[in-house]
Amino acid sequence: MRKIFCGLLLAAASAPATVQPAAAQECVAGPFMVFFNWDSDELSPQAAAILDNAAEAYQSCGQAQVIISGHTDRSQEADYNVGLSQREASNVRSYLAGRGIPDGVMTTEAFGESRPLVETPDGVREPQNRRVEITFGPGSGW
C-alpha cells in the first residue's frame, strides 16, 4: 500500500523498522596548529587546549599516523631555528603522548624557518610562523 503525502511517495512498511547503528564519528585529520612565543618552546594554555582537542579528535581516526611539524620565524640564525622547531615539535609530541596518542604512531619534523605561513625578510619576528602543525594521516596537512 502506498500513500502520497505532500508530493512524497510513502510506502507502508510490511516489516518492523530496524534501528540503524549510530554512524562512526568522522576522523578530523587536521591540521591542528599551535603557536609559540618568540624564542620559546613552551606550550601556552591556549596551545594546550588546542592539543587537547587534537588528542580527542585522534580517537576517531583509529591508528592513523600523526605528523608533527615544527616551524619558526626568521628572527634568528637558520641553524638555531631548526633546533628550536625540533624542540617545539618534541614538546607537542610529549604532550600528545600524555593524552593517549601512542608514541609509535607519531613522527616529528623540524623545518625551522624554511616553510613560513607569512613571508618575511630575515631577522623579522612573525608570530604566525612560530608554530607546530599536527595532522593525522598522509595528505591531511596544508
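Every number here is computed from the coordinates shown, using simple stated rules; none is lab data. Being a predicted model, the structure only gives us computed values, none of them experimental. Glycine also receives a Cβ, built like all others from the backbone with ideal geometry; neighbour counts cover every protein chain displayed.
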Rounded to the nearest whole number, the Stokes-Einstein translational diffusion coefficient of region 30-136 at 4 °C and 1.567 mPa s (Kirkwood radius, C-alpha pairs) in µm²/s is 95 µm²/s
Rounded to one decimal in nm, the spacing of the 7 Å Cα→Cβ label points at Asp103 and Val124 is 4.0 nm
Mean 1/r over distinct Cα pairs of region 83-142, inverted to a Kirkwood Rh in Å, yields 12.9 Å
